[in-house]
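Peer 1: Below are the structure tokens for one structure; questions will follow.
The values are calculated or read from the model by the stated rules, or taken from the named source; none is laboratory data. Everything quoted here is computed from the prediction, not taken from an experiment. Counting neighbours? That spans all protein chains shown, and the Cβs are built from the backbone with ideal geometry, glycine included.
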Amino acid sequence: MTSLKQLIGSCRKPTRNITRSFSNAFNAVYFKIGKRLSDIFLAATGLIILSPLFFIISFVLWFETKGNVFFCQLRPGLYGKIFTIYKFRTLTDVQSTSYQPNAPPSISPFGKFLRRSSLDEIPQLWNVLNGDMSLVGPRPLLPEYLEIYNAEQRRRHDVLPGLTGWAQVNGRTAISWEKKFELDVWYVENRSFLLDMKILYLTCSTIFRNQTEHSSAPFKTFKG
């Protein structure tokens, strides 16, 4: 005779299957259409809302550096396709073409604040709007790293790079390159609408609480 526990268990299985099927279908639509639409909407909204801050930062940088307020650099995006990334310039005496992230003496005082607060990343909303980046995804790194990734690490380029990602909310620069790439690939394999929302929430909460301990960690070049 079938026990009540077995009967309840047999009823739950179809429910789980229906829920899983709905979740898979929803995520498929999200990544085909919804993610791009939300990127466009949120990036455009962000640029509009942050435009006063954008101009204030630009003015202060222009006054402090007496030069170009933007830092532009080539980065690999989806499937390794190269694009130009934009940031607020935080260096005072180094040309963009010879940019070295581990050169603290050349970082302007205001630039240090921008880096700690991640406000130097605001111009990348244009990259998101332009379709080179997404709000959520593995961070775009240097083109020369493409040649020294192993096959597993290279999978981080199977999705658009992002303003923030799973590695950024799980250690940022405080973790090793190997761990960072492991987290990037985990995101590629497990990406979903809910995971993207979780990453955005954790990113916003970190910024608003001003948790800057990871962003002040020394930069180390990836050597393979």
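Peer 1: Every residue in the range 43-84 that is in contact (Cβ under 8 Å) with a residue 24 or more places away in the chain, assigned to a helix (DSSP H, G or I), more than 23 Å from residue 157 (Cβ to Cβ) and of a type outside the set (Val, Ile, Thr), please.
Peer 2: Answer for the range 43-84, where residues must be in contact (Cβ under 8 Å) with a residue 24 or more places away in the chain, assigned to a helix (DSSP H, G or I), more than 23 Å from residue 157 (Cβ to Cβ) and of a type outside the set (Val, Ile, Thr): 44, 46, 47, 53, 54, 58, 61, 64.
Peer 1: Residue under question is residue 186, and the condition is that it be over 18 Å from residue 80 (Cα atoms) and not in a helix (DSSP H, G or I); does it hold? Outline the logic, then answer.
Peer 2: Values: over 18 Å from residue 80 (Cα atoms): yes; not in a helix (DSSP H, G or I): no.
In short, no.
Peer 1: Also, I was wondering about something else. (1) closer than 20 Å to residue 163 by Cα; (2) modelled with pLDDT of 90 or more; (3) part of a helix (DSSP H, G or I): which one isn't true of residue 116, the others all being true?
Peer 2: So residue 116 meets the others, but not (2).
Peer 1: Moving on. What tally of residues in the range 199-212 results from selecting those that are touching a residue at least 12 places away in the same chain (Cβ under 8 Å) and either in a helix (DSSP H, G or I) or closer than 25 Å to residue 149 by Cα (or both)? Walk me through how you get there before you give the answer.
Peer 2: Taking the range 199-212 and keeping what is touching a residue at least 12 places away in the same chain (Cβ under 8 Å), we get 199-200, 202-203, 206-207, 210, 212.
From what is left, the residues that are either in a helix (DSSP H, G or I) or closer than 25 Å to residue 149 by Cα (or both) are 199-200, 202-203, 206-207.
The qualifying residues number 6.
Peer 1: So for the range 38-54 (the condition being crowded, with 16+ Cβ neighbours inside 10 Å, under 12 Å from residue 128 (Cβ atoms) and touching a Ser or Thr at 6+ places or on another chain (Cβ under 6 Å)), does at least one residue qualify?
Peer 2: Among the residues of the range 38-54, at least one is crowded, with 16+ Cβ neighbours inside 10 Å, under 12 Å from residue 128 (Cβ atoms) and touching a Ser or Thr at 6+ places or on another chain (Cβ under 6 Å), which makes the answer yes.
Peer 1: Further, regarding this structure: Note down all Cβ pairs under 6 Å where the first residue falls in the range 115-141 and is touching a residue at least 60 places away in the same chain (Cβ under 8 Å) and surrounded by fewer than 19 Cβ atoms within 10 Å (Cβ to Cβ), the second is of a type in the set (Gly, Ala, Ser) and in a loop (DSSP other than H, G, I, E, B), and they're at least six residues apart or on different chains.
Peer 2: Short answer, once both residue conditions are applied: 116/215.
Peer 1: Please count how many residues of the range 142-162 are under 19 Å from residue 32 (Cα atoms) and either of a type in the set (Gly, Ala, Ser) or touching a residue at least 40 places away in the same chain (Cβ under 8 Å) (or both).
Peer 2: Result for the range 142-162: 6.
Peer 1: Here is a further query. Among the residues of the range 163-176 satisfying the criterion of being free of Cβ contacts under 8 Å to residues at least 40 places away in the same chain and assigned to a helix (DSSP H, G or I), which is surrounded by the most Cβ atoms within 10 Å (Cβ to Cβ)? Don't jump to the end; show me each part of the working.
Peer 2: Restricting attention to the range 163-176, the residues satisfying the condition of being free of Cβ contacts under 8 Å to residues at least 40 places away in the same chain are 164-170, 175-176.
When the remaining residues are screened for being assigned to a helix (DSSP H, G or I), the result is 168-170.
Details: 168: 24, 169: 19, 170: 18.
This residue is 168.
Peer 1: Going through the range 79-113 one residue at a time, which ones are exposed (fewer than 15 other Cβ atoms within 10 Å of the Cβ), small (Gly, Ala, Ser) and modelled with pLDDT of 80 or more?
Peer 2: The answer is 80, and nothing else.
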